[in-house]
Amino acid sequence: MRKETAVRVEERYERVLETIEDLREASLESPVIVEGKNDREALRNIDVPGKIISLNDGLPIFATCEEVSRTHESAVILTDWDHRGGQLCRLLREGLAANGVRYDVDLRGRLARLCRKEVKDVEGLAKYVHRIQRVKAESATPLRRRPLPRSRRLP
């Protein structure tokens with residue numbers, strides 16, 4: 001298995017942050033549908049401003065899709081990228097389409113591809129994004145020069 005170079009890691013980090021920014025923008029026009037309350041909190045922690053709908057709010061999936069169709073023409077599906085999340089994504093796609101709602105699964109797919117090794121779910125996304133931001137901030141800080149030892153200083 002090939003190790004990622006520092007450049008490839010930095011490119012991946014940049015693409016993750018770009019995808020998060022795309023998610024923020026999409027949430028302003030379309031609700032983001034997640035699996036649970038912890039997922040909702042994670043998205044709030046990374047400053048996703050729009051409406052976030054949790055599937056575990058007690059409504060069946062199809063009823064959630066009907067509710068979305070009453071107020072929105074489109075939605076972003078952001079379920080976890082595990083097997084169960086894939087099943088929920090499929091059910092949401094079918095339910096939203098049956099109610100005439102356009103859906104976006106591209107953001108979910110991009111995040112799954114970019115984060116699969118490090119993060120398995122939406123809940124872990126906030127920590128990952130904060131870690132990326134910290135690494136980027138540290139790499140942007142210029143190295144402080146240590147003073148030369150006295151023996152090397154010019155008189």
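Just so it is clear, none of the values below were taken in a lab; they were calculated from the coordinates. What you see is a predicted model, and the numbers here were worked out from it, not measured in a lab. Heads up, the Cβs are rebuilt from the backbone with ideal geometry, glycines too, and the neighbour counts pull from every protein chain shown.
For Arg102 and Glu41 in one chain, what is 0.36 nm times their gap in residues minus the Cα-Cα distance, to one decimal in nm?
Working: separation 61, 0.36 × 61 = 21.96 nm, distance 2.46 nm.
That pair, Arg102 and Glu41, stretches by 19.5 nm at full extension.
Taking Cα pairs under 8 Å and at least six residues apart, what relative contact order does the chain come out at, in percent? Spell out each step's value before the answer.
Numbers: 182 pairs, mean separation 38.3, N = 155.
Relative contact order for the chain comes out at 25 percent.
Rounded to the nearest 500, what is the chain's calculated 222 nm mean residue ellipticity when only DSSP H runs of at least 4 contribute -39500 (n - 2.57) each, over all residues? Numbers along the way, then the final one.
Values: 6 runs with 84 residues, N = 155.
Value at 222 nm, helices only, nearest 500: -17500 deg cm²/dmol.
Given a Förster distance of 30 angstrom, what is the FRET efficiency for Arg8 paired with Gln87, based on the Cβ-Cβ distance and rounded to 0.05?
Values: r = 32 Å, r/R0 = 1.06.
FRET efficiency, Arg8 to Gln87: 0.40.
Where in the range 38-77 does the amide nitrogen come within less than 20 Å of the point 7 Å from the Cα of Leu28, taken along Cα to Cβ?
Output list for this probe position: 43-53, 72-77.
Between Val9, Val32, Ile61, whose Cα lies farthest towards the positive end of the dipole of the range 1-144 when Lys and Arg beta carbons carry +1 and Asp and Glu beta carbons carry -1, centred on the Cα centre?
Val9
Going by how many other beta carbons lie within 10 Å of each one, how would you line up Ile33, Ile53, Ile132, fewest first?
Ile53, Ile132, Ile33
On a 0 to 90° scale, report how tilted helix 61-71 is relative to the longest principal axis of the chain, with both axes built from alpha carbons and the result rounded to the nearest 10.
The angle comes out near 90 degrees.
Net charge within 13 Å of Glu21 by Cβ-Cβ distance, Lys/Arg positive one each and Asp/Glu negative one each, not counting Glu21 itself? Let's see the in-between values first.
Numbers: positive: Arg15, Arg24, Arg110; negative: Glu14, Glu18, Asp22, Glu25, Asp47.
Combined, the nearby Lys, Arg, Asp and Glu give -2.
Indicate the gyration tensor shape class of the range 1-40 (rounded, prolate or oblate), computed on the Cα atoms with a ≥ b ≥ c the square roots of the eigenvalues: a/c under 1.5 is rounded; otherwise a/b larger than b/c is prolate and the rest oblate. All intermediate terms of the calculation are to be shown ahead of the outcome.
Working: a/c = 4.45, a/b = 2.04, b/c = 2.18.
Judged from the Cα gyration tensor, the range 1-40 comes out oblate (a/c at least 1.5, b/c at or above a/b).
Among rounded, prolate and oblate, which fits the range 40-101 when a ≥ b ≥ c are the square roots of the eigenvalues of its C-alpha gyration tensor, a/c under 1.5 means rounded, and a/b larger than b/c means prolate? Could the numbers behind the result be given before it?
Values: a/c = 1.78, a/b = 1.22, b/c = 1.46.
Oblate shape, in that a/c is at least 1.5 and b/c is the bigger or equal ratio.
So which GluC sites (Glu not before Pro) in the range 47-125 end up in coil per DSSP with only 14 or fewer other C-beta atoms within 10 Å?
Working: sites: Glu66, Glu67, Glu73, Glu94, Glu118, Glu123; in loops: Glu73, Glu118.
When the GluC sites (Glu not before Pro) of the range 47-125 are filtered for loop state and at most 14 Cβ neighbours within 10 Å, Glu73, Glu118 remain.
Given axes a ≥ b ≥ c from the Cα gyration tensor, I'd like to know whether the chain is rounded (a/c under 1.5), prolate (a/b larger than b/c) or oblate.
Numbers: a/c = 3.37, a/b = 2.70, b/c = 1.25.
Verdict is prolate for the chain.
So which lysines can Lys136 reach, going by Cα to Cα under 28 Å and dropping same-chain residues fewer than 8 places off?
Cα-Cα hits under 28 Å: Lys3, Lys117, Lys120, Lys127.
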